[in-house]
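Working notes, structure below.
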Amino acid sequence: MPLCREGRIDEASNLVQEMENNGMVLDAVLYTSWMCGYFRKGLLMDGFLKHSLMGRNGVMADVVSYTALIDGLCKEGHFEKVIGVFCAYEEERIETKFVYPYFYHSRFLQAIEDG
């Protein structure tokens, strides 16, 4: 969602609301983009709320959305919460081999090494 990439979260949220009001079904790509927009602005809780909303609306999280959650947590220094997200990732039976390379190259391993 270009508005999210540009940091225009309020406009993106209004657009999403309008889409829903017009009966459009939101998909994982849109929710993940929306969530990432909040993470980029440092609004971690708002991003998590969008992830929760995604699940409540019956949209299955995928490897991209879980990786976005992990990235948002790492950027904000919430490394202890990354483990919880990773466990949820495994519970959803999403192929975890796709996230291991992320851990290898992410701030998560750097924090462990510094820790």
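The values are calculated or read from the model by the stated rules, or taken from the named source; none is laboratory data. Just so you know, these numbers come straight off a predicted model, no measurement behind them. All Cβ positions, even for glycine, are placed from backbone atoms using ideal geometry, and neighbour counts span all protein chains on display.
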TODO: Output the number of the condition that Glu18 fails; it satisfies all remaining conditions of (1) surrounded by 13 or more Cβ atoms within 10 Å (Cβ to Cβ); (2) in a helix (DSSP H, G or I); (3) at pLDDT 90 or above.
DONE: (1)
- [ ] Could you identify the single residue in Leu30, Leu44 that is under 21 Å from Glu11 (Cβ atoms), more than 10 Å from the chain's Cα centre (by Cα), surrounded by 12 or more Cβ atoms within 10 Å (Cβ to Cβ) and modelled with pLDDT of 80 or more?
- [x] Leu30
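Residue-wise test of (1) in the same structural domain as Gly84 (by TED's automatic domain parsing); (2) under 24 Å from Gly84 (Cβ atoms); (3) touching a strand residue (DSSP E or B) at 6+ places or on another chain (Cβ under 6 Å); (4) touching a residue at least 12 places away in the same chain (Cβ under 8 Å).
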{"site": "Gly7", "(1), (2), (3), (4)": "no, no, no, yes"}
{"site": "Asp10", "(1), (2), (3), (4)": "no, no, no, no"}
{"site": "Val16", "(1), (2), (3), (4)": "no, no, no, yes"}
{"site": "Gly23", "(1), (2), (3), (4)": "no, no, no, no"}
{"site": "Met35", "(1), (2), (3), (4)": "no, yes, no, yes"}
Open item on the list: Tell me the residue from Phe108, Phe98, Phe86 that is modelled with pLDDT under 85, surrounded by fewer than 18 Cβ atoms within 10 Å (Cβ to Cβ), of a type outside the set (Asp, Glu) and out of contact with any Asp or Glu (no Cβ under 6 Å at 6 or more places or on another chain), please.
Closed with: Phe98
Task: Condition check for Leu53: assigned to a helix (DSSP H, G or I) and surrounded by 15 or more Cβ atoms within 10 Å (Cβ to Cβ) - done: yes
Open item on the list: Anything in segment 56-91 that is on the phi < 0 side of the Ramachandran plot and assigned to a loop (DSSP other than H, G, I, E, B)? List them, or say none.
Closed with: Asn57, Val59, Met60, Ala61, Asp62, Glu76, His78
TODO: Could you run through segment 52-69 and say how many residues are hydrophobic (A, V, I, L, M, F, W, C) and without any contact (Cβ under 8 Å) to a residue 24 or more places away in the chain?
DONE: 1
